[in-house]
Amino acid sequence: MIEPRPDVALREGYHSPQVEVRVRLNTNESPEAPPAAWRDALVAAMADIDWNRYPDRSATTLRSAIGALHGVGPERVFVANGSNEVLQTVLLTFGGPGRSAAVWEPTYALHSHIARVTGTAVVEGERAADFSTDLDEVARVVRGSRPAVSFLCSPNNPTGVVDDADTVRAVLAMVAEIDGLLVVDEAYGQFAPWSALGLVDDDTPIVVTRTFSKTWSMAAARLGYLIGPAPLVAELDKVVLPYHLDAFKQLAGTLALAHTDAMDDRVRRLVAERERLVARLRTLDVDVWPSGANFVLFRPRSRAGAEVWSALVDRSVLVRNCASWPRLDGCLRVTIGTTDEDDQFLAALEEVIA
Ligand SMILES: *Cc1c(COP(=O)(O)O)cnc(C)c1O
């Protein structure tokens with residue numbers, strides 16, 4: 001039987017273990033369904049889809065609507081099936097054989113995974129002990145390995161740590177020096193105090209990726225995008241498969257953007273809930289990292305993380321088990337849920353580590 005490409009076969013696929021539980025706080029989804037008015041509008045609009053025709057290949061309406069949200073034209077917007085496909089298209093276009101992508105660990109596992117799948121070599125740097133971006137380390141990796149693509153993730157998954165504006169500007173300057181591209185993954189950008197979106201223009205090698213999966217309560221829709229220089233977006237359009245975004249999804253995204261107020265409101269509530277959860281965690285026997293996202297990383301001090309994870313599952317609470325991940329020894333990551341879900345999590349945790 002034929003074997004897969006050896007560089008792909010060696011790697012495990014990406015999994016987020018799913019277990020049947022009452023309180024699901026492991027994949028950073030929104031705890032709420034999208035607004036009912038959005039769903040009704042989508043169902044009504046579906047009747048007008050020309051199902052026998054290919055969809056608008058350049059998704060102009062959706063791109064214009066996303067562009068309007070960020071104050072840019074559609075030519076600076078690239079849209080795909082989840083921000084993971086956005087990242088894949090970036091790597092297919094600007095990475096690939098003979099090129100490399102830089103990541104600073106610990107960070108989102110998909111950056112290095114997608115790089116490898118696209119035949120892009122991965123260069124790994126380290127974050128500082130508090131998980132912030134270490135500019136000396138960035139300089140070492142960028143100047144030493146000259147990666148085609150460098151990834152920042154802000155807020156970073158799974159640590160929640162936000163890179164400040166000075167840090168992103170400094171990394172961008174180093175990346176520009178070597179004619180590379182800086183990707184800032186802002187999957188959780190709306191939960192953070194600032195965004196790198198303001199750094200994007202047509203002459204600067206930076207793209208900022210966003211997703212409908214988290215803030216927009218639309219993980220099921222698989223829709224993500226980037227804002228970047230128009231000439232670079234034009235290159236991505238050449239590489240991505242024709243008609244990759246189906247007509248239904250284009251509608252779903254466009255109609256969602258009519259509900260930005262409802263979404264902003266959810267973000268505000270989740271941020272307030274995050275601060276409540278962090279304050280409660282700080283009263284317990286755990287280490288807690290400050291988060292600018294819709295999740296919090298913590299480490300039980302008195303019991304092994306993996307044991308705490310299992311004991312939480314026994315109490316029908318599922319969080320992300322990072323305990324065996326490199327550099328995250330004993331750590332668990334909890335997604336901000338509803339007040340009720342978070343209270344159930346806290347009650348279970350107190351019991352488990354008491
Ligand atoms: C969840 C997440 C994404 C989102 O991926 P989608 O494909 O848009 O669902 C991207 N980047 C990071 C860091 C994430 O945590």
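Residue-normalised convex hull volume from the C-alpha trace of segment 226-343: 189 Å³ per residue. Amide H to amide H, with H built 1.01 Å from N, residue 123 comes under 5 Å of 101, 102, 103, counting only residues 5 or more places away or on other chains.
For residue 46 and residue 8, the difference between the fully extended length at 0.36 nm per residue and the C-alpha to C-alpha distance is 9.8 nm. Rolling a 1.4 Å probe over the protein heavy atoms leaves residue 255 with an accessible area of roughly 50 Å². Each helix, a run of at least 4 DSSP H residues, gives -39500 (n - 2.57); summed and divided by the residues of the chain, these come to -12000 deg cm²/dmol at 222 nm. Taking 0.692 mPa s as the viscosity and 37 °C as the temperature, the Stokes-Einstein diffusion coefficient of the chain based on its alpha-carbon Kirkwood radius rounds to 155 µm²/s. In the elastic network of the chain, a GNM with C-alpha springs shorter than 10 Å, the most mobile of 216, 38, 325 is 325.
On a per residue basis, the chain carries 44 Å² of accessible surface, using protein heavy atoms and a 1.4 Å probe. In the context of the full protein assembly, residue 188 retains an accessible surface of approximately 10 Å², using a probe radius of 1.4 Å and ignoring ligands and nucleic acids.
At an R0 of 25 angstrom, the distance between the Cβ atoms of residue 132 and residue 279 translates into a FRET efficiency of 0.70. Of the accessible area of the chain, with the probe set at 1.4 angstrom, what percent is carbon plus sulfur? For the chain, the apolar C and S fraction of the accessible surface comes to 53 percent. By a 1.4 Å probe calculation restricted to protein chains, residue 111 has an accessible surface near 0 Å², given to the nearest 10. Percent of Cα pairs in segment 196-245 per distance bin of 10 Å, from zero to the largest separation: 23, 43, 33, 1.
The values are calculated or read from the model by the stated rules, or taken from the named source; none is laboratory data. Keep in mind that what you see is a predicted model, and the values were worked out from it rather than measured. For neighbour counting, all protein chains shown are included, and Cβ atoms are generated from backbone atoms with ideal geometry for every residue, glycine included. All accessible areas refer to the heavy atoms of the entire protein, side chains included, with ligands and DNA or RNA removed. Shrake-Rupley method; radii C 1.70, N 1.55, O 1.52, S 1.80 Å.
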